[in-house]
Amino acid sequence: MLLNLGHDYRADLKFGSWFLLSLVVVGLTAGVLAQGLLSTRETGLRAGGAEVAAAIDAAVVEKGAVGVIADPLFTDWVVAFELMGLLLLVAIVAAVVLAKPRDRREGK
């Protein structure tokens, strides 16, 4: 279904749409990179490697491997986690809509 084998090789999107989409993607990527590179907040990962490894080992022993990942995911990063799920849902729906064959009777 997603291959759309009966395609007549006409452009699905106009040039302006591709240009606008590429500007949005480049802007969002630049924003995320700037935020990550210019962040002055100490994350704890910049500390000594032995201290970080010992803290991770202690957390895995205390909570288990799944608990170590699940705690921050569902407390500190819950909004980002939900937004990523919504983004993946939109991408799946968009892929199905774009792959759907067009009705030839409408002249498209």
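The values are calculated or read from the model by the stated rules, or taken from the named source; none is laboratory data. Owing to the predicted nature of the structure, the values given are computational and were not obtained by experimental measurement. Here Cβ is always computed from backbone atoms with ideal geometry, including for glycine, and neighbour counts include all displayed protein chains. SASA here: full protein model, heavy atoms, side chains in, ligands and nucleic acids out. Shrake-Rupley method; radii C 1.70, N 1.55, O 1.52, S 1.80 Å.
Taking the Cβ-Cβ separation of residue 50 and residue 91 as r and a Förster radius of 35 Å, what is the calculated FRET efficiency to the nearest 0.05? Walk me through the intermediate numbers first.
Values: r = 41 Å, r/R0 = 1.16.
With a Förster radius of 35 Å, E is 0.30.
Between residue 38 and residue 17, what length comes free when the chain is fully extended (0.36 nm per residue of separation minus the Cα-Cα distance, one decimal in nm)? Mind dumping the intermediate values first?
Working: separation 21, 0.36 × 21 = 7.56 nm, distance 3.12 nm.
Separation in residues times 0.36 nm, less the Cα-Cα distance, equals 4.4 nm.
May I ask you to derive the FRET efficiency for residue 25 and residue 100 from their Cβ-Cβ distance with R0 = 22 Å, giving the value to the nearest 0.05?
Numbers: r = 24 Å, r/R0 = 1.09.
It comes out at approximately 0.35.
Accessible area, 1.4 Å probe, largest first: how do 63, 100 sort?
100, 63
Taking K and R as +1 and D and E as -1, what net charge do the other residues with C-beta under 15 Å from the C-beta of residue 63 add up to? Walk me through the intermediate numbers first.
Values: positive: none; negative: 57, 62, 71, 76.
Neighbourhood net charge equals -4.
Calculated FRET efficiency, residue 82 and residue 57, Cβ-Cβ r, R0 25 Å, to nearest 0.05? Don't jump to the answer; show the numbers that get you there.
Working: r = 30 Å, r/R0 = 1.20.
Efficiency, rounded to the nearest 0.05: 0.25.
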